[in-house]
Each structure stands twice: as C-alpha cells, then as structure tokens.
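Trainee: Take this structure, written in structure tokens, and hold onto it; I'll ask about it next.
The values are calculated or read from the model by the stated rules, or taken from the named source; none is laboratory data. Note that this is a predicted model, so its numbers are computed, not measured. Backbone-built Cβ (ideal geometry, glycine too); neighbour counts: all protein chains shown. Remember, those area values only see protein heavy atoms, side chains included, never the ligands or the DNA or RNA. Shrake-Rupley method; radii C 1.70, N 1.55, O 1.52, S 1.80 Å.
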Amino acid sequence: MSSTPIAIGVPKEIKNHEYRVGMVPSSVREVAAYGHKIFIETNAGMGIGLTDKDYIDAGATILSTAAEVFAVADMIVKVKEPQAVERAMLRPGQLLFTYLHLAADHLQTEELISSKSICIAYETVTDRNGLLPLLAPMSEVAGRMSVQAGAQCLEKARGGCGMLLGGIPGV
C-alpha cells in the first residue's frame, strides 16, 4: 500500500498530572517505516521514562517547543484534549488525533470549530462491528484503577473507616 508521507507531530502533554505521550518509540518506528516524518517535542516521553534518544533511535526528529511541533506537523497526535494554548496553534486543515471529551467542554468545541482543523476523537472511532477499539483499553484501565481509588478512600488517614481491601486475618 502506498501513501503520501505526512509530518506527524507529538507535543509534550501539558494538562496537569498527565504524564502519557501520544506516541511511544515503537509507534514512531512503525509509522516511520511507511515513510512518514515524526516530530517529537523534547522531553515529551519523560513522564513515562522515555528519552529523546529513544525517539531519535526510532526515527523521530526532536524539536524544542510545542510551537515548532504544531508549525511543522500535518497531523498532531496527543493523549488529552488540547489546552487553550494548543488550540490556538491549530491551523486550518491540520489533523488532530486525541481524546476530546467535547460534551464536557463547550469552549473547547467552539475553539476547535473556529480553528478549521480536522479533529478526530479517539473515543468516537469505531470498527466495522461498531465497537470502540481505542476507548476499550482506557475503560479497562479505569476499571482496574477504580479498585485502587476505592482502597485509598477507605484509608483512615483519608477519612475512611480504615478497612484494608482483601482482608488480612487478625487485622
């Protein structure tokens, strides 16, 4: 299958407490094998233990700022919805691929429409069976994390009753 190479940009996530990154080196390697160019903002993978060298070794080019990434990329790949400063960098025809959660954020929706960019929300991508292949793994993670969150709420120091999930005899 042949395709026209595109420039894919991955900025560092800037939403508070977001450490994930839009593409990991193995994804970069896969996409680069098809002739696409990948531009990663410096330290984008630092929150999950990935270095700029990891990305360079996979075939990416490292850029110093998100502004540089947005300026050069035909397609932006993120994890979280774009923050206001990022939405301001989108341009007409640029493709944005990320979680968007539009129902909860009217301002974001209006600014994305005004940008005239092409926005694809992970949570709306369906397969031929009508399933949500990009949302399903996040639902699994959320389900597993719910047990940890519940356990923290049960801790005495957090106002809970001091119960230990799983139970230990004599405690």
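Trainee: What are the DSSP H helices in the chain that stretch 24 Å or more along their long axis, judged by alpha-carbon atoms, and whose average Kyte-Doolittle hydropathy comes to at least -0.5?
Mentor: Values: long enough: 136-154 (28 Å, 0.35).
Answer set is 136-154.
Trainee: Report the semi-axes of the equivalent ellipsoid for the chain in whole Å, largest first, where each axis is √(5λ) for an eigenvalue λ of the Cα gyration tensor.
Mentor: Listed largest to smallest, the semi-axes of the chain are 35, 20, 17 Å.
Trainee: Mind jotting down the distance between the C-alpha centroids of the range 1-51 and the range 70-126, whole Å?
Mentor: One Cα centre to the other: 16 Å.
Trainee: Here's something else I'd like to know. For the chain, give the percent of accessible area contributed by carbon and sulfur heavy atoms, probe 1.4 Å, rounded to a whole number.
Mentor: Exposed carbon and sulfur together represent 61 percent of the surface.
Trainee: Continuing with the same structure: Got a sec? What order do Ile62, Ile14 fall in by accessible area at 1.4 Å, biggest, i.e. largest, first? It would help to have the intermediate numbers written out before the result.
Mentor: Numbers: Ile62 45, Ile14 90 Å².
Result, largest first: Ile14, Ile62.
Trainee: State, to one decimal in nm, how far the label point of Ala142 lies from the label point of Asp54, with both points 7 Å from Cα in the Cβ direction.
Mentor: With each label placed 7 Å out from Cα toward Cβ, I get 2.6 nm.
Trainee: Okay, moving on. Using only the heavy atoms of the protein chains and a 1.4 Å probe, how would Tyr34, Tyr122 rank by accessible area, largest first?
Mentor: Tyr34, Tyr122
Trainee: Could I ask something else about it? Near Glu13, within a Cβ-to-Cβ distance under 12 Å, what is the net charge of the other residues, with Lys and Arg +1 and Asp and Glu -1?
Mentor: Taking every Cβ under 12 Å from that of Glu13, the sum is +1.
Trainee: Taking a probe of 1.4 angstrom, what is the accessible area of Val85 in Å², to the nearest 10?
Mentor: Val85 exposes around 90 Å² with every protein chain in place.
Trainee: Taking a probe of 1.4 Å, how large is the accessible area per residue of the range 1-150, in Å²?
Mentor: Solvent-accessible surface per residue comes out at 57 Å².
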